[in-house]
2 protein chains.
Amino acid sequence: MRVQAEGYHTDLQAALEHLLKSGGKRIRPTLTLLVGRMLGAAESQLITLAASIELLHTATLVHDDLIDGALLRRGIPTLNARWSPGATVLTGDFLFARAAKLAAETNSIPVMRLFAETLTIIVNGEISQMFGQPCQTALDHYYRRIYAKTASLFEASTGCAAMISTADDALIARLRHFGRELGMAFQIVDDILDLTGEEAQLGKPIGNDLRQGIVTLPVINYLHTYPEDPLSQVLLQGKCLQNEADILGLIERIRQSPAIEEAHQEAERFIKNALDDLYTLPESPERQYLEELTWFVTRRRT
Amino acid sequence: MRVQAEGYHTDLQAALEHLLKSGGKRIRPTLTLLVGRMLGAAESQLITLAASIELLHTATLVHDDLIDGALLRRGIPTLNARWSPGATVLTGDFLFARAAKLAAETNSIPVMRLFAETLTIIVNGEISQMFGQPCQTALDHYYRRIYAKTASLFEASTGCAAMISTADDALIARLRHFGRELGMAFQIVDDILDLTGEEAQLGKPIGNDLRQGIVTLPVINYLHTYPEDPLSQVLLQGKCLQNEADILGLIERIRQSPAIEEAHQEAERFIKNALDDLYTLPESPERQYLEELTWFVTRRRT
């Protein structure tokens, strides 16, 4: 019995340590802690909530990597690359279960509701991506996708923190909006880096999105400016690029076009909206940190 | 856009309809409804809860089939047999998310806590099974496994229903115990049927458990009575049976031994405990239905 318990712990711990080691910026729990402290939430409840948010995020990444068949994340092999699909599914489910348990331990019904709603939005987004047509070039489709994929959990990170403080409904709504806009900017910058970053820094091959049939903002900008480009034509006709040479060719042209800079400007517009929300709050050290974190999002290079 | 939305709905609906069509006895939500009505819970809250329980159950089945690589459940191809692993993972996650959302809509913190705890127990059980040694023959290991796999959700089905009624802590504990004992009996009968049932009725090949390295109660009973049998020896030495002939051979000997009847008697002991809980409650039509349901569990043949 003891051997089995130990074996179990060793193997699962190996999986979890692997996930912990793979790093990440922990930006979501940081947002939760800063917003909660700024609004005077109870510290222990806040820490439970922040852990719940980060575990939910990690759970979605684990299943995501399995779905995409991704072998690297943050430059480190995914669970998926080293474990059976079954073990990967279960590790994700384990993290979901722990996240739900921690969310319940906040003893806040609004938190639990937003937690469940956010999970629904994230999973629906993934289902749309899997069952929907690939290589869609509509801007509203892009924004809906990155809201589901990223901004919804940023919104939950800030919104849940406000919900366990004494904030009233209007203030909760403002902080949800702050998180949402920050999340949109975060994902746009991520999408830019997928095209402009160095593989060594990204920890994954460049142009991954396009290769997976995902058309991101810089690509959409390029299509609007150069619709006559034969590669633009392929995408605008609702088809995907057929080979690696075309993908790398289009990326090269995008990098040399204003499309990248336009995407940066769009991210800055979201950042401005987020800061407008923040500036309605009284000055405090936490507000200052949140402002710095917000600027950091648009300036990061990995 | 509309095409994509439609495409999405059609495909996901196909998956969900497939799951709905595949039937099942809906015993868990029935327990929830009967216990809740017996204790005067609000009907709309109860229906939300019952749906949440059934969706959680279905979600675990979907991921389970992926993990086991099962191609048939209830005689119908699993999602896993017809869809990619990614689509199966996402369908399970979608059902988890919906279940969590419905649990949150009960507006009951104890319900949400028990929901999250139960999910944790179920997933931990699956992890133990995957990472632990196969073909374990200890009785306490067997009971822990079937509690995690089945009885924990039966306990939640009855316990959560009590939690949204006016039941006090003692009564809630008694109804959780009722569900737990009923769930243990249910799984023992399931495990007997895996050895004695007809393939056509089971909807899957006979002896599936043993083939997957799972030693169930009838097998454990046989090992205790016939430890000198060479096939018993293999299992008692901590090894698995090596080939199909040995598996079918052992099953045949178990079927002709008292091991099956002993397992039935053990299920009846759990049923008796469950009924003892039930009989502490005043008579009512719901109590009567629950009693009939409890007897049905030990008498079913599929």
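Modelled spin labels at residue A:269 and residue B:18, positioned 7 Å past Cα toward Cβ, are 4.1 nm from each other. In a reduced charge model with +1 at each Lys and Arg Cβ and -1 at each Asp and Glu Cβ, chain A shows a dipole moment near 520 debye about its Cα centre.
By the Cβ distance rule of under 4.7 Å, chain B has these cysteines without a partner: B:160. With springs only between Cα atoms under 10 Å apart, run a GNM on chain A and tell me which of A:198, A:283, A:105 wobbles the most. It is A:283. Take residue A:134, push a point 7 Å out from Cα through the beta-carbon direction, and compare it with the same point in every other copy: 3.5 nm, smallest first. Under the classification rounded if a/c is under 1.5, otherwise prolate if a/b is larger than b/c and oblate if not, where does the protein assembly as shown fall, given a ≥ b ≥ c as square roots of the Cα gyration tensor eigenvalues? Prolate shape, in that a/c is at least 1.5 and a/b is the bigger ratio. In chain B, the calculated helix contribution to ellipticity at 222 nm averages -24000 deg cm²/dmol per residue, counting -39,500 (n - 2.57) for every DSSP H run with n ≥ 4. At a Förster radius of 45 Å, what calculated FRET efficiency corresponds to the Cβ-Cβ distance of residue A:107 and residue A:208, to the nearest 0.05? So, using R0 = 45 Å, E works out to roughly 0.65. Between residue A:233 and residue B:228, the FRET efficiency from the beta-carbon distance, with R0 = 51 Å, is close to 0.05.
Starting from the label point of residue A:18 at 7 Å along Cα→Cβ, the same points in the other copies fall at 2.8 nm, in ascending order.
Summary for residue B:283: label point 7 Å along Cα→Cβ; distances to the equivalent points in the other copies, ascending, 7.7 nm. Taking every residue in B:110-116 and counting other chain Cβ atoms within 10 Å of its Cβ, the average works out to 6. Name the helices (complete DSSP H segments) of chain B with a Cα length along the long axis of 24 Å or more and a Kyte-Doolittle mean of at least -1.0, or state none. Once both thresholds are applied, what remains is B:2-21, B:43-68, B:85-105, B:109-131, B:169-196, B:259-279.
By its C-alpha gyration tensor, with a ≥ b ≥ c as the square roots of the eigenvalues, how is the stretch A:141-298 shaped: rounded for a/c under 1.5, else prolate for a/b larger than b/c, else oblate? Prolate is the answer for the stretch A:141-298, as a/c is 1.5 or above and a/b outweighs b/c. Judged by the gyration tensor of its Cα atoms, with axes a ≥ b ≥ c, chain A is oblate; a/c meets the 1.5 cut and b/c is at least as large as a/b.
Please go through the residue pairs A:101/A:149; B:101/B:149; B:25/B:149; A:101/B:101 and name each one whose alpha carbons sit more than 19 Å apart in this structure. Beyond 19 Å: A:101/A:149; B:101/B:149.
Contact order for chain A, expressed relative to its length and based on alpha carbon pairs under 8 Å spaced 6+ residues apart, stands at 20 percent. Reported to the nearest whole Å, the Cα centre-to-centre distance from the stretch B:236-263 to the stretch A:87-136 is 42. Take each residue of peptide A:79-88, count the partner chain Cβ atoms within 10 Å of its Cβ, and average: the result is 3. Shielding value for B:132-140 is 2, the average number of Cβ atoms from other chains within 10 Å of each residue's Cβ.
Quick note: the coordinates plus some simple rules give every number you see, no bench work behind them. Note that the structure is a prediction, hence the values are computed from the model and not measured. Ideal geometry is used to build each Cβ from the backbone, glycine not excepted, and the neighbour counts take in all protein chains shown.
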